[in-house]
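Data first, discussion second: the structure below is written as structure tokens.
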Ligand code: BTN
């Protein structure tokens, strides 16, 4: 009922009488009043005026299941929405749900993670109220080797969402860090379960730093947040919904060819490493050279003294020779 009342108030943007709400939902005036109180407690500015009813004024950064459900405009992502105030890791939760048969497009979103996971076994700072922590469950029908390209697709979706919501133009550090002012504002962790030549499921975990103003000492030089890059206040529900919508767009393009042929150009335009000196470490054959962009498999083409090398993502790390990017 909370979701329905919120939707009516959002769609109307004018006074809706208590009587109308009661009749529409088939409940008592007291029941409607209780829900209005709950919505006000969630942070909505709802005016209640005798003889006129209720009117939703502009609200702040309300991040609840109802707000996100009302903001999502996707076809399939988040139709099964799992919204949690606190979880260890949205990726863990999505994995658990996947094992229980949750459908493709299941979206797990949390206000706070107590044990957010980063790549290479690192932890991910995920305090409450400070970010968008979300994981998307996919059940794709392609070979496991294609899955590493999905992180690049996700980076494109995040870049697009940040631009739409804040106007900020971020860049991508290959393969999947989203960068603002030369620091990381978003990380993506893709995990999957496979068997021989098929994928059971893939989980794309996305963490966007929204309100964090102070980072732990160890990552202060490399991490940033939207709050540190813009004065504009960001609504997390709007940002999460924009990522979901952009994902549908870019993933749709990916599925047309099962590779990045149709996305390469957009990706390379946003690639912060492009034409910069990079050092690739962690792979069997590390190298130093100038990054020239990705190919349709999502590999980074690095011009080295020995010639052009195609570097696969996975366990490699790419750094600028003078710093993080
Ligand atoms: C990285 O190290 O760059 C990847 C960070 C991924 C963080 C996100 S937050 C939502 C999802 N749940 C997790 O535990 N991790 C990912």
(request) Examine the range 165-174 for a residue that is on the phi > 0 side of the Ramachandran plot, more than 14 Å from the chain's Cα centre (by Cα) and more than 12 Å from the ligand (Cβ to nearest atom), and state whether such a residue exists. (result) yes
(message) Scan the range 115-122 and tell me whether some residue there is free of Cβ contacts under 8 Å to residues at least 60 places away in the same chain and either under 21 Å from residue 8 (Cα atoms) or buried (at least 21 other Cβ atoms within 10 Å of the Cβ) (or both).
(response) no
(message) Being buried (at least 24 other Cβ atoms within 10 Å of the Cβ), under 14 Å from the mean Cα position of the chain (by Cα) and either modelled with pLDDT under 95 or in a helix (DSSP H, G or I) (or both): is that true of residue 126 here?
(response) yes
(message) Please count how many residues of the range 112-123 are outside any loop (DSSP other than H, G, I, E, B), within 8 Å of the ligand (Cβ to nearest atom) and at pLDDT 95 or above.
(response) 2
(message) Being at pLDDT 95 or above and closer than 19 Å to residue 68 by Cβ is the filter here; which residues of the range 229-245 pass it?
(response) 234, 235, 236, 237, 238, 239, 240, 241, 242, 243, 244, 245
(message) Being within 10 Å of the ligand (Cβ to nearest atom), buried (at least 20 other Cβ atoms within 10 Å of the Cβ) and modelled with pLDDT of 95 or more is the requirement here; does residue 134 meet it?
(response) yes
(request) Residues being under 26 Å from residue 66 (Cα atoms) and surrounded by fewer than 20 Cβ atoms within 10 Å (Cβ to Cβ): count how many of those fall in the range 246-287. (result) 2
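The rows are residues; the columns are (1) over 18 Å from residue 324 (Cβ atoms); (2) within 16 Å of the ligand (Cβ to nearest atom).
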| position | (1), (2) |
| --- | --- |
| 186 | no, yes |
| 196 | yes, no |
| 211 | yes, yes |
| 235 | yes, no |
(message) When you scan the range 85-104, do you find a residue that is at pLDDT below 90 and exposed (fewer than 15 other Cβ atoms within 10 Å of the Cβ), even just one?
(response) no
(request) Working only within the range 150-203, note down all residues that are touching a helix residue (DSSP H, G or I) at 6+ places or on another chain (Cβ under 8 Å), part of a helix (DSSP H, G or I) and under 23 Å from residue 137 (Cβ atoms). (result) 150, 152, 153, 154, 155, 156, 157, 158, 159, 160, 161, 162
(request) Please specify each residue of the range 3-18 satisfying the condition of being buried (at least 16 other Cβ atoms within 10 Å of the Cβ) and on the phi > 0 side of the Ramachandran plot. (result) none
(request) Answer with yes or no whether residue 21 is surrounded by 14 or more Cβ atoms within 10 Å (Cβ to Cβ) and in contact with a helix residue (DSSP H, G or I) (Cβ under 6 Å, 6 or more places away or on another chain). (result) yes
(request) Go through the range 209-306 and tell me which helices (runs of 4 or more DSSP H), entirely inside it, have 3 or more residues that are touching a strand residue (DSSP E or B) at 6+ places or on another chain (Cβ under 9 Å) and over 25 Å from residue 85 (Cβ atoms). (result) 264-270
(request) Count, please, the residues in the range 142-184 that happen to be without any contact (Cβ under 8 Å) to a residue 40 or more places away in the chain and surrounded by fewer than 21 Cβ atoms within 10 Å (Cβ to Cβ). (result) 3
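The values are calculated or read from the model by the stated rules, or taken from the named source; none is laboratory data. Since the model is a prediction, treat every value here as computed from it, not as a measurement. Neighbour counts are summed over all protein chains in view; Cβ atoms, including those assigned to glycine, are modelled from backbone coordinates with ideal geometry.
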